[in-house]
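Written out below as structure tokens is the structure these notes cover.
The values are calculated or read from the model by the stated rules, or taken from the named source; none is laboratory data. Values in this document were obtained by computation on a predicted structure and should not be read as measured data. Cβ: placed from backbone, ideal geometry, glycine included. Neighbour counts: every protein chain shown. Surface accessibility is based on the protein's heavy atoms, side chains included, excluding ligands, DNA and RNA. Shrake-Rupley method; radii C 1.70, N 1.55, O 1.52, S 1.80 Å.
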Amino acid sequence: MIKAKAFAAPSAKAPLAPFNFERRELRDNDVHIEIHYCGVCHSDVHQVRDEWGKGMFPMVPGHEIVGKVTAVGAKVKKFKVGDLAGVGCLVDSCLDCASCKEGLEQFCEKGFVGTYNSKEKDGSPTYGGYSTSIVTREEFCLSIPKNLDLAAAAPLLCAGITTYSPLRHWNVTKGQKVGVVGLGGLGHMAVKLANAIGAKVAVFTTSPSKVEDAKRLGAHEVIISKDMEQMKAHMGSFDFIIDTVSAPHDYNLYLSMLRRDGNMVLVGLPDTPPTLAAGALIMGRRKLGGSLIGGIQETQEMLDFCAKHNIVSDIEIIPIQKINEAYERMIKSDVKYRFVIDMKSLA
Ligand code: NAP
Ligand code: ZN
């Protein structure tokens, strides 16, 4: 077994603390990655605090993992020692059902194996990227383009793909008016990606302090969502809205911002069920959907798109000892715009 150091939540809602465990010995198709950086996703907070239920503890969070390949199994073809590699939210699936065959492992009909807070097919718990290393089958490892700053590329593995996938699936094209609700980790990636596609991007934010940043990140307009005058001026005008907000809020207000036949997609996952007014959809034949991360092939496509357009996340690097503080700041929307853990701090 391979010894690993980590930070884990020993039980639901408990602060994260040092934790030692072992990774499995490499199987023939496994890649061993020495983790250099891991992004901090709001999903980590939801799960550590057991807001989605069924949390498995001790929990080592982290699904925005990048680092260097230090060993490969005998049958590994895509990776060699020294390569830069990443792992996102998925580490296994059946690879045989209709969804997996379409490259949509996140919708595996037998259930995917999550990078943490999940169980391997043999029943052992999975531990995530707030750790010194990870062993993952090669089908679920991504190649990180060399021209991207490694630490700032880490959040692409979740925040990047989660916003790229719906932009692609709903065919967002050049010139369309795209709304991004919430300027956090996911939101700021949505702004950069939609801008690179050529959309006209507007950010809805509750934080007036983020207006200038939103513009620098690529927004053409910024709307303070608490200001009803500003909101009214945009009613019925959006082709597409992506909602990245982590806390309960009113979806109906944003649905009214869509033009006829417009699409709104939820990626933010608050713990409280929303109230939906049928009229918000009926008036204008609007559609509300949802989207979950993205498949492995699409994640690689997104990484290559980011390499081509020189897109990475805006990050604040932290030592792992600051993780509990980072969670508190994230809950207060005080993150610009993704915390990334420097794993050297675990040495
Ligand atoms: P984050 O960095 O904390 O950003 C969330 C943003 O939402 C905040 O920065 C804030 O933006 C806004 N917000 C927060 N509280 C709010 C409130 N009470 N009312 C209105 N707006 C509020 O979080 P994240 O990492 O981007 O994750 C966002 C959500 O996506 C989480 O629920 C996470 O679990 C989920 N997620 C889903 C997927 C998926 O596959 N669907 C993948 C990853 C994450 P402003 O300051 O601009 O208002
Ligand atoms: Zn995430």
Every pair of residues 6+ apart whose Cβ atoms lie under 6 Å, when the first sits in the stretch 237-249 and is open to solvent by 30 Å² or more (accessible area, probe 1.4 Å) while the second is within 14 Å of ligand 1 (Cβ to nearest atom) and among the hydroxyl-bearing types (Ser, Thr, Tyr): Pro248/Thr272
Go through (1) within 15 Å of ligand 1 (Cβ to nearest atom); (2) touching a residue at least 40 places away in the same chain (Cβ under 8 Å); (3) more than 30 Å from Lys146 (Cα to Cα) for Gly284 and report which single condition fails. (1)
Out of (1) more than 22 Å from Phe107 (Cβ to Cβ); (2) open to solvent by 50 Å² or more (accessible area, probe 1.4 Å); (3) of a type outside the set (Gly, Ala, Ser), the odd one out for Val340 is which? (2)
Restricted to the stretch 206-228 and to residues being near ligand 1 (Cβ under 10 Å from one of its atoms) and not in a helix (DSSP H, G or I), the residue surrounded by the most Cβ atoms within 10 Å (Cβ to Cβ) is Val222
Which of the residues that make up the stretch 1-21 are part of a strand (DSSP E or B), closer than 24 Å to His32 by Cβ and not polar (S, T, N, Q)? Ile2, Lys3, Ala4, Lys5, Ala6, Phe7, Ala8, Pro18, Phe19, Phe21
Please count how many residues of the stretch 56-96 are among the hydrophobic types (A, V, I, L, M, F, W, C), farther than 27 Å from Asp149 by Cβ and more than 24 Å from the chain's Cα centre (by Cα). 1
Looking at the stretch 34-58, which of its residues are in contact with a helix residue (DSSP H, G or I) (Cβ under 9 Å, 6 or more places away or on another chain) and at pLDDT below 95? Glu51, Trp52
Of the listed residues (Lys146, Lys177), the one being farther than 30 Å from Ser237 by Cβ and of a type in the set (Lys, Arg) is Lys146
Note on the stretch 186-205: residues within 16 Å of ligand 2 (Cβ to nearest atom) and open to solvent by 10 Å² or more (accessible area, probe 1.4 Å) are Leu186
Among the residues of the stretch 49-60, are any assigned to a loop (DSSP other than H, G, I, E, B), charged (D, E, K, R), within 16 Å of ligand 1 (Cβ to nearest atom) and on the phi > 0 side of the Ramachandran plot? yes
By residue number, the members of the stretch 110-152 that are open to solvent by 20 Å² or more (accessible area, probe 1.4 Å), of a type in the set (Phe, Trp, Tyr) and outside any loop (DSSP other than H, G, I, E, B) are none
Report whether or not Val76 is assigned to a loop (DSSP other than H, G, I, E, B) and open to solvent by 50 Å² or more (accessible area, probe 1.4 Å). no
How many residues are part of a strand (DSSP E or B) and either at pLDDT below 95 or more than 21 Å from the chain's Cα centre (by Cα) (or both) when one looks only at the stretch 22-33? 5
Selection status of Phe57, in contact with a strand residue (DSSP E or B) (Cβ under 6 Å, 6 or more places away or on another chain) and aromatic (Phe, Trp, Tyr): no
Count, please, the residues in the stretch 290-337 that happen to be open to solvent by 20 Å² or more (accessible area, probe 1.4 Å), within 12 Å of ligand 1 (Cβ to nearest atom) and among the polar types (S, T, N, Q). 2
When both residues are 6+ apart or on different chains and their Cβ atoms are under 6 Å apart, which pairs have a first residue that lies in the stretch 321-347 and is small (Gly, Ala, Ser), and a second that is open to solvent by less than 90 Å² (accessible area, probe 1.4 Å) and within 14 Å of ligand 2 (Cβ to nearest atom)? Ala326/Val40; Ala326/Phe339
